[in-house]
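Below: the structure, in C-alpha cells.
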Number of protein chains: 2
Amino acid sequence: MTHRNVAMLVIGNEILSGRTREANAYLVARQMFAAGCRLEEIVVVPDECARIIAALNRLRADYDALITSGGIGPTHDDITMQCVADAFGVPLLEHRQTLELMRQYYGAQQLNAGRRRMARLPRGARPIICEKSIAPGAHIGNVYVLAGVPDIFASQLAAILPDFGGRPFLRHEIEVRLPESRFAAALADIQQAFADVEIGSYPGRCGPEPCGKICLSSQDDAALQQARQAVEALIQRLS
Amino acid sequence: MTHRNVAMLVIGNEILSGRTREANAYLVARQMFAAGCRLEEIVVVPDECARIIAALNRLRADYDALITSGGIGPTHDDITMQCVADAFGVPLLEHRQTLELMRQYYGAQQLNAGRRRMARLPRGARPIICEKSIAPGAHIGNVYVLAGVPDIFASQLAAILPDFGGRPFLRHEIEVRLPESRFAAALADIQQAFADVEIGSYPGRCGPEPCGKICLSSQDDAALQQARQAVEALIQRLS
C-alpha cells in the first residue's frame, strides 16, 4: 500500500530544550513533497512514555502513516520502542534475526546488554535496515520508527520511501516587489479559481523595499501553469 | 501570571511542504529554556481552519500557555486570527487603537483593505506590539498569536517574554569517547539517583570513533553539579 498522507512525530527533550535544532522533519517534508505524499502534521514531544503513547495513537489514527524520529538507542532516555509496543498493545521482544546480525557485527563478546536492547522490536514489527547503523528501525502497522541521529534517520528514510507517494508535487515561485496588501484581494480570487493549486504568499524585504514570494504548488502541472500565468499577469498589472 | 509550561503551534503549508525550514520553534525552545519555562510540545499544522482550531483548543487546554506562529498577514492564506476567534467563540473585529496606529503609519489613503484586515483582533484580545511591524500579534486568554516572519516573530516574542518563566534551566555537557552501550546501564543508575536533573545521551562520531555528548540540565544548580561529578567519575572509570 502506498501512503498518500503522513504525520511525523519527533521524540526528544533535546529539541524542546533548544539544545538541538530539529532537522529530520525538514528532510521528511522535502522528500514527501517530491514523492507526492502530503506531510499533514509534525509533532514534537519529550521523552515521556504517556505523552509519546498518546501522540502515537492520535497520529496513527488520523493519517495514512506515521513516521517517528528519535529515542531508539541504548540509553535510559531511549524509550520509543517500548512506547510503540505499548501503543499497539504488544510486548517488546528481542528480534531473532536482528540479534543474529548484531552478533555477527559485534562478535559475541561485545554484544553487551545495551546493544541487545537495540535488538528489541514490538512483536509483529519488521526491522528497518539501513547501511548507517546495525541497530534497526521498526515498521509496525502504519507506523515507521526511525532513529534521531540525522544521518541514520536519512538512511532509514531512504529505505522506507517506496511506501510513500502519489503524483509528485510541483512548485513554482514568483518574486513580487509589492506589499502583500496591494495584491491580496486579487490573489484570493485566483486561489478561488484554481482549487487544485495551493497558493501561498510569503513576504520579505530587500533593504527597505518589499520583495516577497508567491508560491504555487500542485500535483497538476497544467493547472499550475495556468495559475502561474494568472499570478504573473496580476503582478505585471500592479507593478 | 507567569507561565511555567508552554506549547507552540506553527501554522503554515510552507513548513509541511519543505519550502521553508522552520526557525521560530527553535528560537522559542532556546528562550524558554533560558527563562525557566518548559516548552512541552511543538505542533505544525497546515493553513486549514478545522485543523488549526482543533490544535488551538487541544494545546491551550493542555498547557499553561500557547504561542502560535504564522498566518496573520493580509493574504487569503492568513487565517490564524479568524481561527483563534472561532476557537474562543468570539467575533473577529477591527481593533480601534490598532486601526488608528495604522492610519497614522500608512496615511489614510494607503490604509487599503488588506492592511485593515491586519487590524482585526479576536474580541477581548490585546494587541502585541513590536518594533518590527505595525501589524500586531494578539494575546487572548492563554494564547499568544505571533507572526511567522522570523524577525517579526522574534521581536514579538521579546515583547511577551516577561509572561514566561521560573527558575532558569542550566545545562552542562560532557564529551564522551565511548559507545553508548558501554555506559548505558550505569548512566541509568545516575539518572535514577538525580530525579531533578534531566540526563540525555546524544551519540556522535569523530571519524570512525564514537564521540557523543552526555547532556545534563536542571533548575537546581547544586543537583546539576553533583550529577555532573557522578557522570564524570563514571566516564573516567570506563575510559
Original post:
Dipole size in debye (nearest 20) for the protein assembly as shown around its Cα centre, Lys and Arg Cβ +1, Asp and Glu Cβ -1?
Top reply: 140
Original post:
When the helix-only estimate is applied to chain B (DSSP H runs of n ≥ 4, each -39,500 (n - 2.57), divided by the residue count), what is the mean residue ellipticity at 222 nm, nearest 500 deg cm²/dmol?
Top reply: -12500 deg cm²/dmol
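If R0 is 41 Å, what FRET efficiency do you get for A:E94 and A:A61 from their C-beta distance, rounded to 0.05?
Values: r = 29 Å, r/R0 = 0.70.
My answer for the efficiency is 0.90.
Hey, got the dipole for chain B? About the Cα centre, +1 on K and R Cβ, -1 on D and E Cβ, debye to the nearest 20?
Details: 25 positive and 26 negative charges, 106 e Å.
Computed charge dipole of chain B: roughly 520 debye.
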Original post:
With r defined as the distance between the Cβ atoms of B:R123 and A:D221 and R0 fixed at 41 Å, what FRET efficiency is calculated, to the nearest 0.05?
Top reply: 0.40
**OP:** Please build a GNM for chain B, connecting alpha carbons under 10 Å apart, and tell me which residue among B:R171, B:R21, B:R123 fluctuates the most.
**Re:** B:R21
Original post:
Nearest 100 Å², what total accessible surface is buried between chain B and chain A (probe 1.4 Å)?
Top reply: 4400
**OP:** Give me the distance in nm between label points sitting 7 Å out from Cα along the Cα-to-Cβ direction at B:L161 and A:L178, one decimal.
**Re:** 3.8
Subject >> Inter-chain Cβ neighbour average for residues A:184-191, partner chain, 10 Å >> reply: 4
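Give the percent of DSSP beta bridges with both residues in the protein assembly as shown that are antiparallel, rounded to the nearest 5.
Given both bridge residues lie in the protein assembly as shown, the antiparallel proportion sits at roughly 60 percent.
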Subject >> Closest approach to the A/B rotation axis among chain A Cβ atoms, residue and whole-Å value >> reply: A:V43, 3
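Please compute the average number of Cβ atoms from other chains found within 10 Å of each residue's Cβ in peptide B:37-46. It would help to have the intermediate numbers written out before the result.
On the way: counts 0, 4, 7, 6, 7, 9, 6, 10, 4, 5.
Counting other chains' Cβ atoms within 10 Å and averaging over B:37-46 gives 6.
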Original post:
Of A:A185, A:F153, A:P210, whose Cα points farthest to the positive end of the dipole of segment A:141-220 (charges on the beta-carbon: +1 Lys, Arg; -1 Asp, Glu; origin at the Cα centre)?
Top reply: A:P210
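Given +1 on the Cβ of Lys and Arg, -1 on the Cβ of Asp and Glu, and no further charges, what dipole in debye does segment B:15-76 carry about its Cα centre, rounded to the nearest 20?
I would put it at about 140 debye.
Just checking the output field for A:74-82: average partner chain Cβ neighbours within 10 Å of each residue's Cβ?
Per-residue shielding by partner chains comes out at 6.
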Subject >> Label-point separation in nm, B:R237 to B:Q104, each point 7 Å along Cα→Cβ >> reply: 6.7
Original post:
What percent does the relative contact order of chain B come to when contacts are Cα pairs within less than 8 Å and at least six residues apart?
Top reply: 19
**OP:** For segment B:88-105, just list the computed ³J(HN,Hα) in residue order, Karplus coefficients 6.51, -1.76 and 1.60, θ = phi - 60°, integers in Hz, with x standing in for Gly and Pro.
**Re:** 8, x, 10, x, 9, 10, 4, 9, 4, 5, 5, 4, 5, 4, 5, 5, 5, 6
**OP:** Check cross-link reach from B:K213 to the lysines: straight Cα distance under 26 Å, and skip same-chain residues fewer than eight apart.
**Re:** A:K132
**OP:** Please give the per residue accessible area of the protein assembly as shown, computed with a probe of 1.4 Å over protein heavy atoms only, in Å².
**Re:** 44
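The values are calculated or read from the model by the stated rules, or taken from the named source; none is laboratory data. These numbers were taken from a predicted model, which means no experiment stands behind them. Methodologically, a virtual Cβ is constructed for each residue, glycine included, from the backbone with ideal geometry; neighbour enumeration extends over all protein chains shown. Only protein heavy atoms, including side chains, enter the accessible area calculation; ligands, DNA and RNA are left aside. Shrake-Rupley method; radii C 1.70, N 1.55, O 1.52, S 1.80 Å.
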